[in-house]
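Chemist: Mind having a look at this structure? Questions to follow.
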Amino acid sequence: MTAISGSAAAVTGAASGIGRALALELAARGCDLALADRDEAGLQQVAAEIGKAHKRKVTIHCVDVGEPAQIQEFADAAIAAHPELNIVINNAGVALLGAFNEVDQAQMEWLININFWGVVHGTRAFLPHLSKQPEAHIVNLSSIFGIVAPPGQTAYCAAKFAVRGFSESLRHELAMANSPVKLSVVHPGGVLTNIVRNSRTGNGIADNARRAESIERFDAIARTTPPAAAQRIILGIEKNQPRILIGNDAKFMDLLQRFRPATYWAVLAKRIGRVAEEKGK
């Protein structure tokens, strides 16, 4: 297991959502932090909130994880500031609304550069340092959409399935090498964050009606709070759990995919529609 108290963690996407909740919870449990995000003002707010409640060392780093050079600079700066850094959480991610024929190639590459390559580059930048620690842990955020693939999410699912495959293969390599580095891949279900509100829209979509509908439906079915998600991830780190499912919805979809690997969507579509209707009443 990797103890949280006395550790130092690097967290990307730390200005909001699950990343912010992770920063607050890790600090409360005695962990120093190197926090990264494009939103520097948001990072400053998180750091100030931590500073009021806990005496932890917190550094903030303005980083676009879609830029490999910035990720390497973040790793170098975080390690310099926190020489004992031993936890890396590749959390940053974005969303993109639209069917495959409504999303152009540049938009797909934008998302995959962040959601997949950001994870790979983050892992590569920190791994040599982590390998020298007595105990260390990498956490890579996939999604339940790295297990099931709904329509309208071709780019997101491509990236999140890739994060899952990359993480599982690397975990096996680390185990074979008897590395001190453990690795968990996280599959959240619906978590109440602003990822859908902040999503980009495919260039082939001409109106905002579907965007509004997507936000409304997401709000209706997302039942896990960011603090609850953060607590579940930290438990997974402490117990060295290779795969972390967040929310009963994620657990249900995981089981359904196993029983109906090629035909799960017919069941899921009805269930999601029913849940949204019930919550809208």
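The values are calculated or read from the model by the stated rules, or taken from the named source; none is laboratory data. Being a predicted model, the structure only gives us computed values, none of them experimental. Here Cβ is always computed from backbone atoms with ideal geometry, including for glycine, and neighbour counts include all displayed protein chains. The accessibility values were calculated without ligands, DNA or RNA, using every heavy atom of the protein model including side chains. Shrake-Rupley method; radii C 1.70, N 1.55, O 1.52, S 1.80 Å.
Chemist: Tell me, in nm to one decimal, what length is gained between Ala266 and Gln231 on full extension, where the rule is 0.36 nm per residue of separation less the Cα-Cα distance?
Modeler: Contour length minus Cα-Cα distance gives 9.4 nm.
Chemist: Separate question: Measure nothing fancy, just the Cα-based angle from helix 17-28's long axis to the longest principal axis of the chain, in degrees from 0 to 90, nearest 10.
Modeler: 30 degrees
Chemist: Let me ask something additional. Positive end of the charge dipole of the chain (Lys, Arg +1 and Asp, Glu -1 on Cβ, about the Cα centre): tell me which of Gln72, Trp110, Leu170 has its Cα farthest that way.
Modeler: Final value for the positive-end residue is Leu170.
Chemist: Test of understanding: express the Cα radius of gyration of the chain as a ratio to 2.2 N^0.38 Å, with N the residue count.
Modeler: Output field value: 0.98.
Chemist: For helix 154-176, what angle does its Cα long axis make with the longest principal axis of the chain, in degrees from 0 to 90 and rounded to 10?
Modeler: Roughly 40 degrees between the two axes.
Chemist: Compute a Gaussian network model of the chain, connecting alpha carbons closer than 10 Å, and tell me which residue from Leu127, Leu35, Leu85 fluctuates the most.
Modeler: Among Leu127, Leu35, Leu85, the largest mean-square fluctuation in the Gaussian network model of the chain belongs to Leu127.
Chemist: Continuing with this model, one more query. Between Glu135 and Glu173, take the C-beta separation as r, use R0 = 22 Å, and let me know the FRET efficiency to the nearest 0.05.
Modeler: 0.80
Chemist: What's the ranking of 179-187, 252-260 by average number of surrounding C-beta atoms within 10 Å, highest first?
Modeler: 179-187, 252-260
Chemist: Tell me, what is the FRET efficiency for Phe259 and Ile221 to the nearest 0.05, using R0 = 22 angstrom and their Cβ-Cβ distance as r?
Modeler: 0.55
Chemist: Sticking with this structure for a sec: Please state the Cα pair-distance histogram of segment 112-186 with 10 angstrom bins from zero: what percent is in each bin?
Modeler: 20, 49, 24, 7, 0
Chemist: Sticking with this one: Just the number, please: carbon plus sulfur as a percent of the accessible area of segment 192-281, 1.4 Å probe, no ligands or DNA/RNA counted.
Modeler: Percent of accessible area from carbon and sulfur atoms in segment 192-281: 52.
Chemist: Write down the radius of gyration of segment 54-191 and its Dmax, each obtained from C-alpha positions, in Å.
Modeler: In order Rg, Dmax, the Cα atoms of segment 54-191 give 15.9, 51 Å.
Chemist: Highest GNM mean-square fluctuation, the chain, Cα pairs closer than 10 Å: which of Asn91, Asn115, Asn194?
Modeler: With Cα springs under 10 Å in the chain, the top fluctuation among Asn91, Asn115, Asn194 is at Asn194.
Chemist: Is the shape of segment 49-100 best called rounded, prolate or oblate, per the rule: a/c under 1.5 gives rounded, else a/b larger than b/c gives prolate, else oblate, with a ≥ b ≥ c the square roots of the Cα gyration tensor eigenvalues?
Modeler: oblate
Chemist: Could you identify which residue out of Ala125, Ala69, Ala34 has the top mean-square fluctuation in a GNM of the chain using Cα springs shorter than 10 Å?
Modeler: Ranking Ala125, Ala69, Ala34 by mean-square fluctuation puts Ala69 first.
Chemist: On to the next question. Under a 1.4 Å probe, what is the accessible area of the chain per residue, stated in Å²?
Modeler: Here the residues of the chain average 47 Å² of exposed surface.
Chemist: Let me ask something additional. Computing the accessible area with a 1.4 Å probe over protein heavy atoms, can you report the carbon and sulfur percentage for segment 58-181?
Modeler: Answer for segment 58-181: carbon and sulfur cover 58 percent of the accessible area.
Chemist: Take the Cα atoms of segment 127-281, build their convex hull, and give its volume per residue in Å³.
Modeler: In segment 127-281, the Cα convex hull volume per residue is 138 Å³.
Chemist: First select every other residue whose beta carbon is under 15 angstrom from the beta carbon of Gly146; then total the charges, Lys and Arg +1, Asp and Glu -1.
Modeler: For residues surrounding Gly146, the net value is +3.
Chemist: If you keep only loop residues by DSSP, which trypsin sites (Lys or Arg not before Pro) in segment 9-102 have at most 11 other Cβ atoms within 10 Å of their Cβ?
Modeler: Lys55
Chemist: If I take R0 = 25 Å and measure r between the Cβ atoms of Ala69 and Asn194 in this structure, what FRET efficiency does the formula 1/(1 + (r/R0)^6) give, to the nearest 0.05?
Modeler: Computed FRET efficiency for Ala69 and Asn194: 0.40.
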